[in-house]
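One structure is given below, encoded as structure tokens.
The values are calculated or read from the model by the stated rules, or taken from the named source; none is laboratory data. These figures come from a predicted structure and were not determined experimentally. Glycine gets a Cβ as well: all are built from the backbone with ideal geometry, and neighbour counts include every protein chain shown. Ligands, DNA and RNA are stripped out before the accessible areas are found, and what is left, the full protein with its side chains, is counted by its heavy atoms. Shrake-Rupley method; radii C 1.70, N 1.55, O 1.52, S 1.80 Å.
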2 protein chains.
Amino acid sequence: MSETTKYLLAESQIPSVWVNVLPSLPEPPDPPLHPGTRKPIGPEDLAPIFPMELIEQEFSPQREIDIPGEVMDVYRLWRPTPLYRARRLEKALDTPAHIYYKYEGTSPAGSHKPNTAVPQAYYNKRAGIRRLATETGAGQWGSALALACRLFGMECTVYMVRVSYDQKPYRRMMMHVWGAEVFPSPSDHTNAGRTVLAATPDSAGSLGIAISEAVEDAATHSDTNYSLGSVLNHVMLHQTVIGQEAKLQMQMAGEEPEVVIGCFGGGSNFGGLALPYVLDRLAGKGPRILAVEPSACPSLTKGVFAYDYGDTGKLTPLVKMYTLGHDFMPAGIHAGGLRYHGASPLLSHLRKLGHIDAVAYPQLPVFEAALQFARTEAIIPAPESSHAIRAAVDEALAAREEGRPRTILFCLSGHGHFDLSAYENYLTGQLQDYEYPAEDIEKSLAAIQPVGA
Amino acid sequence: MSETTKYLLAESQIPSVWVNVLPSLPEPPDPPLHPGTRKPIGPEDLAPIFPMELIEQEFSPQREIDIPGEVMDVYRLWRPTPLYRARRLEKALDTPAHIYYKYEGTSPAGSHKPNTAVPQAYYNKRAGIRRLATETGAGQWGSALALACRLFGMECTVYMVRVSYDQKPYRRMMMHVWGAEVFPSPSDHTNAGRTVLAATPDSAGSLGIAISEAVEDAATHSDTNYSLGSVLNHVMLHQTVIGQEAKLQMQMAGEEPEVVIGCFGGGSNFGGLALPYVLDRLAGKGPRILAVEPSACPSLTKGVFAYDYGDTGKLTPLVKMYTLGHDFMPAGIHAGGLRYHGASPLLSHLRKLGHIDAVAYPQLPVFEAALQFARTEAIIPAPESSHAIRAAVDEALAAREEGRPRTILFCLSGHGHFDLSAYENYLTGQLQDYEYPAEDIEKSLAAIQPVGA
């Protein structure tokens, strides 16, 4: 029997638009608030760090937004991406389930992140911006933006979370190859970084801190803007190319997914795959949608739905989201891209409306699934993406228990070529699990100041 | 203007046969000789370490050999591979040349090596073999065989050249992920390894030594065979899927290459792309064909065409090839996959017949071209493959000098995700060039014992 089952699209089938769920929502999300006045912000409040075209997309009432030709031209370097049916994994699990995965690791940066890095660089370039500043966790976002800036002739400065800077030197080197400047965060290049270092000189860093540094860098240099790789509406929008392609490919396979799964940090690959399916749900007929987060940073499963800062330094607007508190400090797990205290406000809103389920896993069962995947499907997955694999495997095992088929679709957001030391630690029994102590979560939750109080 | 120009084939266009140039040669290559008797060997001499189906392919008179369905099923995990026109690189070089590259880095192991690892594992499995032993330089071959063995349920033992084992830990870990056992070579697991260690305890190793170890391992275990990632005719045969696909894709582009380029270690990616074009030359109308080797291991440009051992321990048959001598010890350059003293006998024969040109480059100009490629075409190339890029760039610059177009095709055999420390060394000015002292080459050439003497 043929085991490799791959669904390939033609270049002409790359989506020509990004799809926007905002106008389809039954009620709008609560607006972002100015961190000083605590009043709803307007476009002018974001103008110091974002170009107007991205600000417009952030609040757009349009259902579809055309992808510019220059962006499409770069997308075509690696898009359309393949969708596979994981027959070898199904066989190993002895399950009646059908497992499909959309593989975004074929981009030159190795993940889905260039889907938004490229348009962000493009719109900033058009606005006359010379340099972009950003943060990165595991380095997937930083390397994607480094590449995008290089292709559009811009400079790029990356604040990389300290623990990943040390754990994943190859991702840092990759950013250097594409010409970016990379600082470990917290750094002494910003007030935000210096403040953290004064209190905690050996800080492992967090996305919240690195965001503060990058925002400060952009806000204090007129030729520089800030770029965010997740969380914001325009990021989710750009990533919808994933789900649009996947829907075409599932049609080729002649199946409809019963559950759609993605790993969840800020929400970008999850939203990218899920949002086109959310539109089906909003129209009354979509699949179950499942976000998978690490137990070490469980914003959707243990956080609260509240107004909070996007960063540790309180420089960003207050946004309504699931959050563990802006000074929550997640443990140094290998899935560095999932170490964020908050969650996309749009996806948080959809979770609140009942359209998104969530589950959290510790890293040992995640690596167990990752290894099984690598040894059956051949691709070595990123630790972040492996959270989605773990959940897909558990769905498939549940189907076996039930003795009934189940059609599962997940996003394999990136490869693990720069995470092999984590696999080596797992294989040699040195990888540790981490569940965040409940009292620490309570403490950081308590630091969230209620809006209106 | 659209800059991304990519030629994609349908799955149905993956070649269904491997093409064999042996029956088309104007004169046959000299036969391999038994290392003891120095008489031509027969199939029975190879039977202790190879399965009969591969031995038959080694000497096959058939022009085409069908690819088995089980092999095709695994090929389809990543084949067909894309062919790109490097328009962004052309623009940076301001050249009238058209540069095309066939990209083999999309396989799960990241190079062209699985094209032969998969059929080798398949035929050995069919012959009842439980385990394969092999050598690896940079780790591209070892990781490919580790993957292939895993997919066919076999065990895999890899002797990895010491300098690469230390320089490229991630490739070693990749083999572990796929379940292989990896020893640094020279090791104390074999007589061949122990002999070298006794003379040179801090030996950096070489492919010649590692081959001795793997051959000895296979020859001394009845359930174990040996697997070679380059040099042999059946390896060249399997790799012809590259050139067959590339020819279809060049047809899509509406161009004929004037020069076909590949990096050259033992010859496998070079042969894979070039041999289908060699058939055109043998029929009187093919392109110029150019092999690119490192100055630190210049077998085609500074070696002699003579009978020599394939390994340092003199365990292999004597083969007629371009060689620097079986005890030549190449410097520890980063293109570990090109550190081999010999060359494919088939390709050596074709060079002797005037069908293959060769050029050698030191590693600094190679990394200069690699960085320019990464910063224009986005893909970060392996140091081995970057030798082909260097030559392609020089062809394009020559075309600019002449003020005339030139159609260039090269094989980008793999990505450089596990070679980023070499890039970092280059970027920080720490990478050194290495030209082998002429007297050292003379010394190792003198150690070749003339056949018949």
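Data table
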read-out	value
Residue, farthest from the other protein chains (Cβ to nearest Cβ), within the stretch A:5-23, restricted to residues that are over 24 Å from A:His355 (Cβ atoms) and part of a loop (DSSP other than H, G, I, E, B)	A:Ser16
Test: residue in the stretch A:371-393 that is more than 24 Å from the chain's Cα centre (by Cα) and either open to solvent by less than 30 Å² (accessible area, probe 1.4 Å) or within 13 Å of another protein chain (Cβ to nearest Cβ) (or both)	yes
Residue under evaluation B:Leu54, criteria (1) over 29 Å from B:His355 (Cα atoms); (2) in contact with a Phe, Trp or Tyr (Cβ under 6 Å, 6 or more places away or on another chain), criterion not met	(1)
Conditions (1) open to solvent by 10 Å² or more (accessible area, probe 1.4 Å); (2) under 22 Å from B:Leu228 (Cα atoms); (3) within 11 Å of chain A (Cβ to nearest Cβ); (4) not hydrophobic (A, V, I, L, M, F, W, C); number of the one not met by B:Lys125	(3)
3 or more residues in contact (Cβ under 8 Å) with a residue 24 or more places away in the chain and farther than 23 Å from A:Gly416 by Cβ: qualifying helices (runs of 4 or more DSSP H) within the stretch B:130-210	B:191-199
Yes/no for A:Gly303 being open to solvent by 10 Å² or more (accessible area, probe 1.4 Å), touching a strand residue (DSSP E or B) at 6+ places or on another chain (Cβ under 6 Å) and over 21 Å from A:Ser413 (Cβ atoms)	yes
Count of residues meeting criterion [surrounded by fewer than 20 Cβ atoms within 10 Å (Cβ to Cβ) and among the hydrophobic types (A, V, I, L, M, F, W, C)] in the stretch B:394-416	2
Residue match in the stretch B:159-180 (condition: of a type in the set (Lys, Arg), open to solvent by 20 Å² or more (accessible area, probe 1.4 Å) and within 12 Å of chain A (Cβ to nearest Cβ))	yes
From B:Gln449, B:Gln430, residue being within 14 Å of chain A (Cβ to nearest Cβ), surrounded by fewer than 20 Cβ atoms within 10 Å (Cβ to Cβ), at pLDDT below 95 and outside any helix (DSSP H, G or I)	B:Gln430
Test: A:Ala117 is within 21 Å of B:Ala378 (Cα to Cα), within 14 Å of chain B (Cβ to nearest Cβ) and not β-branched (Val, Ile, Thr)	yes
Residue list for the stretch A:319-336, restricted to those being surrounded by 24 or more Cβ atoms within 10 Å (Cβ to Cβ) and closer than 22 Å to A:Phe50 by Cβ	A:Val319, A:Met321, A:Thr323, A:His326
Single unsatisfied condition, B:Glu424 versus (1) within 14 Å of chain A (Cβ to nearest Cβ); (2) of a type outside the set (A, V, I, L, M); (3) in contact (Cβ under 8 Å) with a residue 40 or more places away in the chain; (4) part of a helix (DSSP H, G or I)	(3)
From the options A:Ser164, A:Ser185, residue that is modelled with pLDDT of 95 or more and under 22 Å from the mean Cα position of the chain (by Cα)	A:Ser185
Condition check for A:Ile408: free of Cβ contacts under 8 Å to residues at least 60 places away in the same chain and either within 14 Å of chain B (Cβ to nearest Cβ) or β-branched (Val, Ile, Thr) (or both)	no
A:Gly142 vs. criteria at pLDDT below 95 and more than 11 Å from chain B (Cβ to nearest Cβ)	no
Subset tally (residues that are more than 12 Å from chain A (Cβ to nearest Cβ) and in contact with a Phe, Trp or Tyr (Cβ under 6 Å, 6 or more places away or on another chain)) for the stretch B:90-107	1
Conditions (1) at pLDDT below 95; (2) in contact with a Cys (Cβ under 8 Å, 6 or more places away or on another chain); (3) under 30 Å from B:Ser111 (Cα atoms): number failed by A:Glu384	(1)
Selection from the stretch A:204-229 of residues that are farther than 25 Å from A:Ser299 by Cβ and β-branched (Val, Ile, Thr)	A:Thr220, A:Thr224
Residue list for the stretch B:338-370, filter: within 14 Å of chain A (Cβ to nearest Cβ) and buried (at least 21 other Cβ atoms within 10 Å of the Cβ)	B:Phe367, B:Ala369, B:Ala370
Residue in the stretch A:417-427 that is surrounded by the fewest Cβ atoms within 10 Å (Cβ to Cβ), counting only those that are of a type outside the set (S, T, N, Q) and under 17 Å from A:Gly332 (Cα atoms)	A:Glu424
Given (1) in contact with a helix residue (DSSP H, G or I) (Cβ under 6 Å, 6 or more places away or on another chain); (2) within 12 Å of chain B (Cβ to nearest Cβ); (3) outside any loop (DSSP other than H, G, I, E, B), index of the condition A:Ile441 fails	(2)
Unmet criterion (only one of (1) without any contact (Cβ under 8 Å) to a residue 12 or more places away in the chain; (2) within 14 Å of chain A (Cβ to nearest Cβ)) for B:Gln249	(1)
Positions within the stretch A:96-122 being in a loop (DSSP other than H, G, I, E, B) and open to solvent by less than 20 Å² (accessible area, probe 1.4 Å), in sequence order	A:Ala97, A:Glu104, A:Gly105, A:Ser107, A:Pro108, A:Ala109, A:Gly110, A:His112
Verdict on A:Val215 being buried (at least 24 other Cβ atoms within 10 Å of the Cβ), part of a helix (DSSP H, G or I) and out of contact with any strand residue (DSSP E or B) (no Cβ under 6 Å at 6 or more places or on another chain)	no
A:Met52 within 14 Å of another protein chain (Cβ to nearest Cβ), open to solvent by 20 Å² or more (accessible area, probe 1.4 Å) and aliphatic (A, V, I, L, M)	no
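To keep it simple, each residue is scored yes or no on (1) within 14 Å of another protein chain (Cβ to nearest Cβ); (2) open to solvent by 50 Å² or more (accessible area, probe 1.4 Å).
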{"residue": "A:Glu3", "(1), (2)": "yes, no"}
{"residue": "A:Leu25", "(1), (2)": "no, no"}
{"residue": "A:Pro28", "(1), (2)": "no, yes"}
{"residue": "A:Thr37", "(1), (2)": "no, yes"}
{"residue": "A:Gln57", "(1), (2)": "no, no"}
{"residue": "A:Glu64", "(1), (2)": "no, yes"}
{"residue": "A:Leu77", "(1), (2)": "yes, no"}
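A quick yes/no check of all residues on (1) out of contact with any helix residue (DSSP H, G or I) (no Cβ under 8 Å at 6 or more places or on another chain); (2) of a type in the set (Ser, Thr, Tyr); (3) within 19 Å of B:Ser143 (Cβ to Cβ):
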{"residue": "B:Tyr159", "(1), (2), (3)": "no, yes, yes"}
{"residue": "B:Arg172", "(1), (2), (3)": "no, no, yes"}
{"residue": "B:Val182", "(1), (2), (3)": "no, no, yes"}
{"residue": "B:Ile209", "(1), (2), (3)": "no, no, no"}
{"residue": "B:Ala219", "(1), (2), (3)": "yes, no, no"}
{"residue": "B:Ser222", "(1), (2), (3)": "yes, yes, no"}
{"residue": "B:Met236", "(1), (2), (3)": "no, no, no"}
{"residue": "B:Thr240", "(1), (2), (3)": "no, yes, no"}
